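Here the structure is laid out as structure tokens; the discussion comes afterwards.
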Amino acid sequence: MVRPRSVALEPSQVRVDWSDGHKSIIENRRLREACPCALCQGEPMPLGGRFTMPLVSAIAKDVRPLGYSMVGLYAISFRWSDGHDTGIYPYEYLLGLCQCETCTSKKKVSP
Ligand SMILES: [Zn+2]
Ligand SMILES: [Zn+2]
């Protein structure tokens, strides 16, 4: 399984160096908006399979992570400048958000 070798919090983006040599770049705001926690994404309704509205709607343009911590051996959680810190980003989820050249050109090809 791929693991992050290092995580760098830069002014506008987060860089993750993975154990397989992949270097991920994800814009801060994109990463914040993609926060997978229930507050941000809404919780699934117990019946009907519909989702509630996210409780956090307006995300500051200049939001950035102030820190991060490793969660077990499968995820990273970020502490954001807007005070939010409940999101847990599994490695595979982070890879799906990756905006490096390799990943963006792959995404252009596939529909
Ligand atoms: Zn969240
Ligand atoms: Zn990538």
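Taking the condition at pLDDT 95 or above, surrounded by 12 or more Cβ atoms within 10 Å (Cβ to Cβ) and not basic (K, R), does L94 pass? So L94 fits the description; yes.
On the stretch given as the stretch 65-94, residues that are within 20 Å of P11 (Cα to Cα) and either within 16 Å of ligand 2 (Cβ to nearest atom) or out of contact with any strand residue (DSSP E or B) (no Cβ under 7 Å at 6 or more places or on another chain) (or both) total 6.
Summed over the stretch 64-93, residues that are of a type in the set (A, V, I, L, M, F, W, C) and in a loop (DSSP other than H, G, I, E, B) total 1. Scan the stretch 79-93 for residues that are in contact (Cβ under 8 Å) with a residue 40 or more places away in the chain, farther than 20 Å from S19 by Cβ and of a type outside the set (D, E) and the total you get is 4. Of the residues making up the stretch 45-91, those that are surrounded by 15 or more Cβ atoms within 10 Å (Cβ to Cβ) and modelled with pLDDT under 75 are P54, V56.
Note on the stretch 9-31: residues that are free of Cβ contacts under 8 Å to residues at least 60 places away in the same chain, more than 11 Å from the chain's Cα centre (by Cα) and not in a strand (DSSP E or B) total 6.
The values are calculated or read from the model by the stated rules, or taken from the named source; none is laboratory data. Being a predicted model, the structure only gives us computed values, none of them experimental. Cβ sites come from the backbone with ideal geometry, for glycine too, and all protein chains shown count toward neighbours.
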